[in-house]
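So the structure is just underneath, and the comments pick up after that.
The values are calculated or read from the model by the stated rules, or taken from the named source; none is laboratory data. Because the structure is a prediction, the values reported are computed rather than measured. With ideal geometry, Cβ positions are generated from the backbone for all residues, glycine too; neighbour counts draw on all protein chains shown. All accessible areas refer to the heavy atoms of the entire protein, side chains included, with ligands and DNA or RNA removed. Shrake-Rupley method; radii C 1.70, N 1.55, O 1.52, S 1.80 Å.
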Amino acid sequence: MVRPGTDKSSRGRIDKHAAILEAALRVFSESGFGYANIDAIAAAAGVAKPTVYNHFGDKETLFRAVMTDSADESAAKIVKAINTIPRTDDDLAGELGAIAHAVVQCQVSDKGWALQRLLYAEAARMPDLYD
């Protein structure tokens, strides 16, 4: 008996979903939301155009998924950095400096800059993304 979520087709679906999100971030970053198209995203992800629509429905839903997933990923990295605060005062200043550096690195990476540019560019069309 195959358990749900463990068969090969289920795994392939998860891989395609992740590939689409990654490709969409690249295409949106290069072209902007307005000029990006599902054909380019599908090609970059190595999937068929209907597969993108099956996973996300439309371009705006895909864009929102890219932005929220990326924000969640960034938040997780920041929380991980904050959770390294030491329980002793041995080198608190040094540790806080290292944490601050890790937090800033989440924001100033190529991906972080791309996400910030996309967010600012689409703020008027999708103001709720700031939340």
Matching residues, the range 46-61, being open to solvent by 70 Å² or more (accessible area, probe 1.4 Å) and under 17 Å from ILE14 (Cβ atoms): ASN54
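Go through the range 81-97 and report how many residues are in contact (Cβ under 8 Å) with a residue 12 or more places away in the chain and surrounded by fewer than 13 Cβ atoms within 10 Å (Cβ to Cβ).
Qualifying residue count for the region: 3.
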Helices (runs of 4 or more DSSP H) enclosed by the range 29-88 - at least 2 residues per element that are within 23 Å of ARG117 (Cα to Cα) and modelled with pLDDT of 95 or more: 38-45, 59-82
